[in-house]
Amino acid sequence: MKFGIIKERKNPPDKRVVLPPNACESLLKTFPEMEIIVESSDNRTFSDDAYSKIGLEVTNNVNDCDVMLGVKEVPEDALIPNKKYFFFSHTIKEQPYNQNLLKIVLAKNIELYDHEVITDQKGIRLVAFGRYAGIVGAYNAFRTYGLKTRLFNLPKAQTLHDQQELISKLKNIKIPNIKIVLSGKGRVSNGAKEMLDSMGIKEVGVDEYLNKEFKETVYTQIDVLDYNKRKDGEVIDMYDFFNNPTEYKSDFMRFAKVSDVYIACHFYGTGAPYIFTRDEAKDPNFKIKVVADISCDIDGPIASTIRSSTIAEPIYGYDAQTEKEINFLSEKAIAVMAVDNLPNELPKDASLGFGDNFVKYVIPAFFNGDKDGVLERSRMTQNGKLTKNFSYLQNFVDGK
């Protein structure tokens, strides 16, 4: 079976890759019947040379490959009919901007496997860049805070070599006694937590955080039942929240009243209450001045995230009173960092981590008859139709 590592064509170009050279070497030793072809790219974090040196063919034509491995969405005109493709399609939540992409995938009889739905039998994701989004997002939160307050000026993450260099820069800044709230308990949030802990910032419990003053910088990591509560006042468990999100309302304002920085790493599900609304952001007691929205749901649960930002221009300002974008340095502005491809600022580390898991969990499924169902669960389309697991997208495809 022939696998093609395809060139990233989405703008701005992504430097990450599914299989770095070290992962390719490992796979070819394990599966001698496997062939890997690399589509030439001058933007990839690993050069064409790095692949050539381990004996891989680097070419401008991967049309004879069976399986195409990419990171971001493949432009519609670059999709080769009758192939298997792996990439983040950003369609599983019925994202309107990629509706036509899914239509073209079906029309071209492509088998689409979305990285986001590669899971084990319990639904736990097996491959993800989330940890690195958290790592870079936390770094960018402090960079944004430094620029907003004019207290310090950190270099952009993309100019630094790896996570250790990011940590080194963070250890050299002086932060006043602020409070930082971190939402989420998954990979992304734990990546951000790694950075806070590496700086020596003290973690405190929710009650302490809400009710005590501190003479040092502190943070608290909150989960869904910390910032949501049932409308009827009953306390059950997080599974009740996931199963009955419409029965809940946000309880985040108690954190917004005492926090200076909000690092958002939550998963936002359909029907869940907004974390803070535009009206709540207008409240005179709303204290947060920096929002690092790593989750980056546009016009969604975080009112200040009115658009995504870019690695080139990562920060914008949100004026809560007018609900408009303004200069983030304005006294009235909440400074918003909402870059939607954060791991691309740390492409080497991110690719190495992702590649390790892809080698471990995904590639073997092609050679063991998919005995654990990894491919079956993540296959969105087949024979020009949506698969059973993704049939809920039919109305989306039909434009209904």
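The values are calculated or read from the model by the stated rules, or taken from the named source; none is laboratory data. Values in this document were obtained by computation on a predicted structure and should not be read as measured data. Neighbour counts run over all protein chains shown; Cβ positions are idealised from the backbone, glycine included.
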Candidates Leu154, Leu166 - the one that is part of a helix (DSSP H, G or I), more than 15 Å from Ile201 (Cα to Cα) and touching a residue at least 12 places away in the same chain (Cβ under 8 Å): Leu166
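Can you find a residue that is assigned to a loop (DSSP other than H, G, I, E, B), polar (S, T, N, Q) and in contact with an Asp or Glu (Cβ under 8 Å, 6 or more places away or on another chain) anywhere in the stretch 333-349? Before you say what the answer is, go through the steps one by one.
Of all residues in the stretch 333-349, those assigned to a loop (DSSP other than H, G, I, E, B) come to 338, 340-341, 346.
From the residues that got through so far, the ones that are polar (S, T, N, Q) too are 341.
Keeping just the survivors that are in contact with an Asp or Glu (Cβ under 8 Å, 6 or more places away or on another chain) gives 341.
Yes: one or more hits.
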Complete set of residues in the stretch 371-400 that are out of contact with any Pro (no Cβ under 9 Å at 6 or more places or on another chain), among the charged types (D, E, K, R) and surrounded by 13 or more Cβ atoms within 10 Å (Cβ to Cβ): Glu376, Arg377, Arg379, Lys385
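For (1) closer than 26 Å to Gln221 by Cα; (2) touching a Ser or Thr at 6+ places or on another chain (Cβ under 8 Å); (3) modelled with pLDDT under 95; (4) not small (Gly, Ala, Ser), each residue gets a yes or a no:
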residue: Lys103; (1), (2), (3), (4): no, no, no, yes
residue: Leu106; (1), (2), (3), (4): no, yes, no, yes
residue: Ile110; (1), (2), (3), (4): no, yes, no, yes
residue: Arg125; (1), (2), (3), (4): yes, yes, yes, yes
residue: Ala133; (1), (2), (3), (4): yes, no, no, no
residue: Val136; (1), (2), (3), (4): yes, no, no, yes
residue: Tyr139; (1), (2), (3), (4): yes, no, no, yes
residue: Thr149; (1), (2), (3), (4): yes, no, no, yes
residue: Leu154; (1), (2), (3), (4): yes, no, no, yes
Residue ID - farthest from Arg379 (Cα to Cα), chosen from residues in the stretch 117-126 that are part of a loop (DSSP other than H, G, I, E, B) and in contact with a strand residue (DSSP E or B) (Cβ under 9 Å, 6 or more places away or on another chain): Leu126
Yes/no for Ile135 being assigned by TED's automatic domain parsing to the domain that holds Ala157 and either closer than 22 Å to Asp356 by Cβ or within 17 Å of the chain's Cα centre (by Cα) (or both): yes
Those residues of the stretch 163-188 which are out of contact with any Asp or Glu (no Cβ under 9 Å at 6 or more places or on another chain) and of a type in the set (Gly, Ala, Ser), in sequence order: Ser168, Gly186
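Any chance the stretch 176-198 includes a residue that's in the same structural domain as Asp260 (by TED's automatic domain parsing), more than 30 Å from Phe87 (Cβ to Cβ), touching a strand residue (DSSP E or B) at 6+ places or on another chain (Cβ under 9 Å) and surrounded by fewer than 16 Cβ atoms within 10 Å (Cβ to Cβ)?
yes
So, in the stretch 35-57, how many residues would count as being hydroxyl-bearing (Ser, Thr, Tyr) and more than 25 Å from the chain's Cα centre (by Cα)?
As a first pass, look at the stretch 35-57 and keep what is hydroxyl-bearing (Ser, Thr, Tyr): 40-41, 45, 47, 51-52.
Filter once more, so that each one left must be more than 25 Å from the chain's Cα centre (by Cα): 40, 51-52.
Counting residues in the stretch 35-57 that are hydroxyl-bearing (Ser, Thr, Tyr) and more than 25 Å from the chain's Cα centre (by Cα) gives 3.
Out of curiosity, is Phe152 surrounded by fewer than 20 Cβ atoms within 10 Å (Cβ to Cβ), touching a Lys or Arg at 6+ places or on another chain (Cβ under 8 Å) and not aliphatic (A, V, I, L, M)? Outline the logic, then answer.
Working: surrounded by fewer than 20 Cβ atoms within 10 Å (Cβ to Cβ): yes; touching a Lys or Arg at 6+ places or on another chain (Cβ under 8 Å): yes; not aliphatic (A, V, I, L, M): yes.
So Phe152 fits the description; yes.
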Answer residue from the stretch 209-240, given it is charged (D, E, K, R) and exposed (fewer than 13 other Cβ atoms within 10 Å of the Cβ) and is nearest to Thr277 (Cα to Cα) among those: Lys231
Of the criteria (1) surrounded by 23 or more Cβ atoms within 10 Å (Cβ to Cβ); (2) within 20 Å of Tyr268 (Cβ to Cβ), which one Arg307 fails: (1)
Pairs, first under 19 Å from Phe252 (Cβ atoms) in the stretch 230-242, second polar (S, T, N, Q), C-beta under 7 Å, six or more apart: Phe241/Asn228
When residues of the stretch 377-400 are limited to those that are touching a Ser or Thr at 6+ places or on another chain (Cβ under 8 Å) and assigned to a helix (DSSP H, G or I), the one farthest from Gly130 (Cα to Cα): Phe396
Failed item, numbered, when Cys296 is tested on (1) buried (at least 18 other Cβ atoms within 10 Å of the Cβ); (2) at negative phi; (3) at pLDDT below 95: (2)
Any chance Ile110 is out of contact with any Phe, Trp or Tyr (no Cβ under 9 Å at 6 or more places or on another chain) and within 23 Å of Val362 (Cα to Cα): no
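Tell me, yes or no, whether the stretch 343-355 has at least one residue that is under 25 Å from Thr149 (Cα atoms) and either surrounded by 13 or more Cβ atoms within 10 Å (Cβ to Cβ) or modelled with pLDDT of 95 or more (or both).
Just the residues of the stretch 343-355 that are under 25 Å from Thr149 (Cα atoms), to begin with: 345.
Filter once more, keeping what is either surrounded by 13 or more Cβ atoms within 10 Å (Cβ to Cβ) or modelled with pLDDT of 95 or more (or both): 345.
There is at least one residue in the stretch 343-355 that is under 25 Å from Thr149 (Cα atoms) and either surrounded by 13 or more Cβ atoms within 10 Å (Cβ to Cβ) or modelled with pLDDT of 95 or more (or both).
Taking the stretch 166-175, which residues are surrounded by 14 or more Cβ atoms within 10 Å (Cβ to Cβ) and of a type in the set (D, E, K, R)?
So in the stretch 166-175, the residues surrounded by 14 or more Cβ atoms within 10 Å (Cβ to Cβ) come out as 166-167, 169-170, 173, 175.
Correct list: Lys169 only.
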Residue within the stretch 128-144 that is touching a residue at least 24 places away in the same chain (Cβ under 8 Å) and not in a helix (DSSP H, G or I) present: yes
